[in-house]
Amino acid sequence: MRGAIRERLSGEGSPSDARPLADEVVDKMSLLPAGARLRDLPPAPGARGEASGAVQWPLLQVGHVFVLPGVPAFFAAKVNGLVAHLVSGGAPVLKRSASLSTPEVELAPLINRLAATHPAVKLGSYPSFP
């Protein structure tokens, strides 16, 4: 992210009198929340100009939350790109749950075998206490 920030703010279109950014400024601008992902999304179909992603900035994703820009033109471009990505994206995430009265200690060996047999599947056990 540091490289992208430096390139964008010192590249073409920057003011000719722009001063180089101090390392601590770039470091602060490039801080991301723990577990965040930067998603490079293609511009939305038919989009033009910087707001469309001609100057491509990644979209920040934290879990199932996408952090969008506040400038309306950039917001619209990112939303359109995100919608296009989600509609044409990969396979949907499927979720199933079951509520059982069986103690977790009895289920754990079965869950562990299932997890070992199907490593691409995420399994969880969430006991509740009366």
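Of the listed requirements (1) in a helix (DSSP H, G or I); (2) farther than 26 Å from G35 by Cβ; (3) modelled with pLDDT of 80 or more, A51 misses just one: (3).
Could you grab the pairs with beta carbons closer than 9 Å, sequence gap of 6+ or different chains, first residue in the range 106-117 and among the hydrophobic types (A, V, I, L, M, F, W, C), second one assigned to a helix (DSSP H, G or I)? Qualifying pairs under 9 Å: I111/E104. For the range 81-100, the criterion of a residue being under 29 Å from G3 (Cα atoms) and at pLDDT 80 or above is satisfied by at least one position. Would you point out the residue of the range 64-116, among those that are in a loop (DSSP other than H, G, I, E, B) and among the basic types (K, R), that is most open to solvent (accessible area, probe 1.4 Å)? Selected residue: R96.
Taken over the range 67-78, the residue count meeting the criterion of being over 13 Å from the mean Cα position of the chain (by Cα) and either hydrophobic (A, V, I, L, M, F, W, C) or under 10 Å from L41 (Cβ atoms) (or both) is 6.
The values are calculated or read from the model by the stated rules, or taken from the named source; none is laboratory data. The model shown is predicted, which means the values in this text are computed figures rather than measured ones. FYI the Cβ positions are ideal-geometry reconstructions off the backbone, even for glycines, and counts take in every protein chain you see. What goes into the accessible areas is simple: the full protein's heavy atoms, side chains included, and nothing from ligands, DNA or RNA. Shrake-Rupley method; radii C 1.70, N 1.55, O 1.52, S 1.80 Å.
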